[in-house]
Amino acid sequence: MNNVFKYTDDAIPFDKQGHRGCRGLMPENTIPAFKKAIELGVTTLEMDAVITKDKKTILSHEPFFNREISTLPDGSFINENEETSFNIYEMTYKQTTQFDVGLKPHPRFPQQQKIKVHKPLLADVIDFVEALTEKLVVPSVQYNIETKCLPKTDGVFHPKPEEFVELLVGVIKEKKIESRVIIQSFDIRTLQYLHTKYPNIKTSLLFEPASDKSLQEQLNELGFIPTIYSPCYEIVTPALVSVCQKFNMQLIPWTVNDINVIKKIKQMGVDGIISDYPNLFHKLE
């Protein structure tokens, strides 16, 4: 197993990642969320990518319009039984802009500000972010982009991994941000394709605690050492930190929304934290 990006304590600052921008404060995966996250001083913007019918890369956690956050073009809400029928892979980008994803009150994030907004193109997000960091005279941020795909939904909710990655990397290369991009996924096929075809782009292996696979088993299945190992924060221990350091892998858990837990995990030696509330990060300083 080989890894182009080597871990060193001194070379990499603690990575403060805003989950879906800053989901606790602004509508997720939207330009206002990324704006707020940058104003709060994140070092990385975490986001999710899906593909439209006309091969555009847009930001969305699900490849359909989630009932929790979506309002239909006629102003009505989506119920649980029908949400998957609003399949983004079967819509053009223009059609997706008719759906609002910022006005419906979020049942789990009461602090989230409500504004009218649609799912943005990745290209537009990058243009906005690059212009904003230049305007504010703050350091350029990283982009941590998750590929939302699974083997069982190939051709239904998204293209196959090779096409998905090529469409995503096409935008990244066009915007000339390859050195500041991390591609993360639960679907190891996208990471494997990236590692073979675009070895200079950083990769992050996501891990659900429901799986009983050991870290070594996960890495054996992946076939190489990714830049980052990104598990659910509940499984982080000093022993896991040590193992990741042994493999020259950064350890950046998700999604940590309690400042005391953030402090505890940071003290274990993780390399960063992903949080819905990046406003909490200033309490670490």
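Remarks
- Within straight-line cross-link reach of Lys152, lysines at Cα separation under 29 Å, skipping those fewer than 8 residues along the same chain: Lys53, Lys55, Lys56, Lys94, Lys119, Lys160, Lys173, Lys197, Lys202, Lys213
- The phi-based Karplus calculation (6.51 cos²θ - 1.76 cosθ + 1.60; θ = phi - 60°) puts the 3J(HN,Hα) values of region 122-131 at 4, 4, 5, 4, 4, 4, 5, 5, 4, 5 Hz, whole numbers, x for Gly and Pro.
- Using the Karplus relation 6.51 cos²θ - 1.76 cosθ + 1.60 with θ = phi - 60°, the per-residue 3J(HN,Hα) values for region 54-61 come to 8, 6, 8, 9, 10, 9, 6, 6 Hz, with x marking Gly and Pro.
- Antiparallel DSSP beta bridges within the chain, as percent of all bridges there, nearest 5: 20 percent
- The ranking of His282, His106 by Cβ neighbour count inside 10 Å, starting from the fewest, reads His282, His106.
- Region 33-91: GluC sites (Glu not before Pro) in DSSP loop, at most 13 other beta carbons within 10 Å: Glu80, Glu82
- Convex hull volume per residue in cubic angstrom - Cα atoms of region 15-284: 128 Å³
- Sparse-neighbourhood loop sites, trypsin sites (Lys or Arg not before Pro) in region 184-217 - DSSP loop, at most 13 other Cβ within 10 angstrom: Lys213
- Each of Val141, Val125, Val169 has some number of other Cβ atoms within 10 Å of its Cβ, and from fewest to most they run Val169, Val141, Val125.
- Footprinting exposure proxy ranking of Ser275, Ser179, fewest other C-beta atoms within 10 angstrom first, gives Ser179, Ser275.
- For the chain, adding -39500 (n - 2.57) for each run of n ≥ 4 DSSP H residues and dividing by the number of residues yields -8000 deg cm²/dmol at 222 nm.
- Reachable lysines from Lys114, criterion Cα separation under 21 angstrom, eight or more residues apart if same chain: Lys35, Lys36, Lys104
Values quoted throughout were computed directly from the atomic coordinates according to the rules given, and no laboratory measurement underlies them. Predicted model only: the values in this text are computed from it and were never measured. All Cβ positions, glycine included, derive from the backbone under ideal geometry; neighbour counts span all protein chains shown.
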